[in-house]
Structures are given as C-alpha cells and as structure tokens.
1. Mind listing whichever residues of region 37-65 are surrounded by fewer than 21 Cβ atoms within 10 Å (Cβ to Cβ) and of a type in the set (S, T, N, Q)?
2. For residue 365, work out the one condition from (1) closer than 30 Å to residue 184 by Cβ; (2) open to solvent by less than 10 Å² (accessible area, probe 1.4 Å); (3) of a type outside the set (Asp, Glu); (4) in contact (Cβ under 8 Å) with a residue 60 or more places away in the chain it doesn't fulfil.
3. Looking at region 305-348, which of its residues are at positive phi and open to solvent by 20 Å² or more (accessible area, probe 1.4 Å)?
4. If I go through region 387-408 residue by residue, how many of them are within 28 Å of residue 204 (Cβ to Cβ) and open to solvent by 20 Å² or more (accessible area, probe 1.4 Å)?
5. Going by what's in this entry, would residue 429 be described as more than 21 Å from the chain's Cα centre (by Cα) and farther than 23 Å from residue 237 by Cα?
6. Out of the residues in region 33-92 meeting the condition of being of a type in the set (Lys, Arg) and over 24 Å from the mean Cα position of the chain (by Cα), tell me which one is nearest to residue 12 (Cα to Cα).
7. What number of residues in region 451-469 are within 24 Å of residue 398 (Cα to Cα) and open to solvent by 20 Å² or more (accessible area, probe 1.4 Å)?
8. Restricting the search to region 480-503, which residues are open to solvent by 60 Å² or more (accessible area, probe 1.4 Å) and among the charged types (D, E, K, R)?
Amino acid sequence: MPNILTSLVESQAQKYPAERTAYAVFDADRAVSTPTSWSSMAQLTKAVAAAFEILDIRETDRIALFSANRPELLIADFAAYANRAVPVAIYATSSPDQVEYIVGDCEAQLIITGDQSQYEIARQAMLSGSPLRQIVTCDPEVKRHPDDTSTMTFDDLVALGLSAGTDCLAEVSARSARALPSDIATIIYTSGTTGEPKGAVLPHSCFNAALPVHTERLTMLSDSDTSVCFLPLSHIFERAWTYFCLYSGIMVTINPNPKRIQECVAAVRPTCMCSVPRFWEKVYTAVQEKISEMGFLKRALVARALKVGRKRNLDYVRQGLKAPRLLEKEYQFYLRNVFRPMQKAIGVEHGNIFPTAGAPLSATIVEFLHSCGINIVIGYGLSETTATVSCFPTVGFEIGTVGTPLPGVEVKIADDGEILVKGPTVMQGYYRKPEATAEAFTADGWFRTGDAGRIDPSGAIVLTERIKDLFKTSGGKYIAPQALESRLGEDKYIEQVAVIGDQRKYVTAIIIPAYEALKEYARAKKISYHSLDDLVKNTEIRAMIADRIERLQKGFAGFERIKKFTLLPKAFTMEAGELTNTLKIKRPVIAARYAREIEAMYA
C-alpha cells in the first residue's frame, strides 16, 4: 500500500475541483480568512519538494520546522514526504538550548523558521556546530545578519522549485515511488516534565493505520465540515488532526496567533476543532459568569433548559435512543432560545464534534457542554501512539472516561495499574535512545503509557493519574493531583494550579489566579491594592478563594483536600521552564522554585 502522506495533496487536488479550498489562513486584525485551493496547495508542495532536492536534501534527511502555525509548515511537511525526507517539528516557544539539542539530535540539514526570534535562535544553532546548513524564513519582515549567506525566504524557496528542470522533478517522483510504510514519517520530540526531550519515531505505517481508522470511528464527519487549527502543529494532537482533516477533505482554517483563538472561532464558526481542556474550561467559566449576572427568572429559565438538555442529550441521544416527543419539543424551544444564542456567542452553533484531549476535563464541564448541545468528544493519546488511543464513541460514551479504544488498537491494564497499548499506530521507539526505548516497552511488546487507569464495564478507559505524578502523604494516602487541579480549573478566578503533598502531612497548592477576573472582583468589592503582589496577599481575596476551593472540593475525601494554598502574583510560563510546551506543569521545577512558599504552608 502506498503511503497516504506521500501523495495526499496530489490525490486531493485530482479528486476535488480546482477552486475547492484546502486551507485558509485567519487574519485576526482584519477578521478575514484567505483561502488556498487544493490545486494551489499541490503546486506549492511540488515546487518546495523540487527546491528541497535542489538544496541537496536527500532521502531520510531531516528538515526542522520551527515556527508558530502557518501554512508553510504543512507545505514543507508534504514536500518532505515527497522526497522521503523527515520533517521534525519544534515548538515555536522552545528555548535556544532546546532547539540546539533537537536539531543536533535529529541531525537536521535545513530549518524553516517563523519570526525574527526563531531566526535568531536557528542562526545561533547553526553557528554552534550543528548539522544545519540552510535556514528558510517564512516571515518576510525577518532581518538577516549582514554576513548570513545561508538563509533564504520561503518565497525564494518556492521560486527555486518553480525553476526546477525535468531531471529534478523526475528525481522527486522517483523518491515518492520508492517510499515505503517503514520509512520514518516524522520524529515527535516529547517536551517531557523531566529530563531532556525524547524523539518518538513515527513511521509512515503509523499514519497509514491512524487516518483510515479515524474515518471508521468518526462517521459523523464529512468533507462538508470545517475545522480550525490553533493548537501548535508541533503537537501530535493538532498535527494528526489536521492531517486527518486534509485526508477527509475538511477545510482547515489556520489560526497563527493562539491568543486570538476566540476571534478566529467567532469569525470562522467551525463545525469541528481539536483543543485542550483549558479552552473549554474558559468557555464554561465565561458562561457561568453570564448566568450568575442574570435576574432570577432568566436564571430559572436556564436551569430548566439545562435539565431538559441533559435529559434529552445524555439520557436519550447518547444512548442512541429517540427522545420522547414532548421532551424533544421542549428541547427545541430551549435550543432556539437559550442554547443557540450561547453557541453563537462562542462561535460553535454549527458544531458537529469537538475532540478534546491532552489533560483531564472535569465531568461537570463535559456534562454541561453536552447538555447545551455542544458535542465534546473526549479522547486520550500520546505522541508515541500517533495521537489517539481512545475517544468517545458516537453512541454509549460514558462521561468520566476517555472513551473506548480505536479499532485495531489494543489496551490492557498492567498489574500496577499502568495503561499498556499495542497496535499499528504505536511508535518504533525513541530516536537514538535504545535504553529509553527498552524501558518504554514490556518484554512482549506493549507500550507503557506512564498513565494509570482502569477499563470500565463498557470497555472505556478511565484515567486516574500520570504514574509519575501520583504522590503519597506522610500518612500513607495516595493523592492524584491532576484530579484536584482539573476540578479547580472550573473556577473563573483560578488560572493554574500545582497541587503539593508528596510525603507531607496534608495537601497544599500553589495557585495562579485569573488576574483580570480578580481585579474585577476587587473593583466590585472596593478592595484597594497597589500591585498584584498586594492583591494576592489581601485577606478578603484569600478568603474568597478559600471559600471557592472548599466548595469545589466537595466529593473528595478529607485527606485529598487542599488544606492551605499560596497565591502567586505571576503565572507559570514555558519561558521560565515551569511548563512544558504542551502547558503541563513541571512539578520538580515548581517544587524547587517555590520551596520557600511551600515550606511556609507546612510551618
């Protein structure tokens, strides 16, 4: 079987009319999207593939991609596949040390960069003795160093390819024809909460299996759907999802600025979009705030609407059953008058499905969104499994789970509770790390996910915790911090949480408040302050947060509950090394950096 990714763009250009849009790019300043047709995408891909050959990119050579989301990344991906070369995506927020490590480890010959800062980091990596010999800048505003003779713009790269002769084009075609499922498609460097990045080697066979199996599971999608690409394309979730959309003929709108995603969604109004829980947590808190500001009668109307929505969507539709006529009639009334206006405010009134993964999303929020007619599809996966291991099935999904395994993917639970995976979408291993690869697999070939969980009676996976994140109090009680962090994430005044308690008497937390919401609260309550430091130390503010934490923790055992907390005046960031590139907390870094604040909570 030929590799899907090798010829995907060319195949779709032949399948669809010349003017059919493959992707668009959203301009937040002008609130417009600029489309590119399948035929234009195919021409660009062919030109860049030829340019790579002219620049002496050979089969199996690595091409690094270091930029925020932009269409050039996709063009470069498919141009690399045409050459049997290997694109390696690097997070746009990566530090110079991380970039230098990755380009050195994978021996990248060429790097495609986005803005000025990424160019500077790539230039530094090139001059430090890495294998890099060519930089390509996407942003035309990038200013090159006067002595730089190794950089060209992406437009120059395209022009170079358009000038290619027949021999060059024939060589690219021959490489495509020689492509095998065992060829490496990409190396995904996991950001990791500890240690140096590891490169998960994903051969084309992983994508050859993953793309059709998603079509088999996600039967509600078709080429009339539209998606928004806003998670980093360096993240396996977004990359695999975007490939799936292109494979399915779903038009993708690329959002280059993740901070302006709300504007993009409101303008594009997608029918589907993959995202991480934080997006929906913010939607939930914003809606809850609007509800709290309503008068008594409107609040009562919304409460009734949610009750009806829950009964219709979760008790009947979720089970594949037709709702009773009167219930359906009442639901349609609330859909028109309550849910549709709310969906329009978010930009998802045409919603089909919204896959969500990467961290836990509380059952409260999942149930709320489904009650409102927003079809959140919770899933679970890793870089090492070409993204999806499991997701909600169309019928019979269980809230509180991450769905059932995809067809062809096997899952079992080890004696110690670890989730093990086997199947055609599992990686070959970690690049140039035989010991780490050996540790990642059992003797009989099951991949160790590092996640603890169980399989419920419906066959769905229930995640309990990252095994390395589990800690034990000095009283011998096990605590799963992510469950607490996910619950607190429902609150509009809480932005980030790091739960503490390993070998301690009780559980505490470092909390980053949602500063704008906190300032608004202070204004409403006439609380004066001179700085964020003053604000987070204010006794009224602390009392308000303590009260909300107490209410959010209902349902947790006494030993699991947060007894003390510290509010910080600045957020955890990737730049400070406190978060991974996928926004997961680096617990060892937090514990070391805020040791004084932590010790004070146990004094």
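The values are calculated or read from the model by the stated rules, or taken from the named source; none is laboratory data. The shown structure was predicted, so the numbers you read here are calculated from the model rather than taken from an experiment. Reconstructed Cβ throughout: ideal geometry from the backbone, glycine too, with neighbour counts over all protein chains shown. Remember, those area values only see protein heavy atoms, side chains included, never the ligands or the DNA or RNA. Shrake-Rupley method; radii C 1.70, N 1.55, O 1.52, S 1.80 Å.
1. Matches in region 37-65: 37, 39, 40, 43, 60.
2. Only one criterion in (1) closer than 30 Å to residue 184 by Cβ; (2) open to solvent by less than 10 Å² (accessible area, probe 1.4 Å); (3) of a type outside the set (Asp, Glu); (4) in contact (Cβ under 8 Å) with a residue 60 or more places away in the chain is unmet by residue 365, namely (1).
3. Pass one, region 305-348, residues at positive phi: 320, 347.
Residue satisfying the conditions is 320 alone.
4. 6
5. So residue 429 fails the test.
6. The extreme case among them is 46.
7. 10
8. 487, 495, 502
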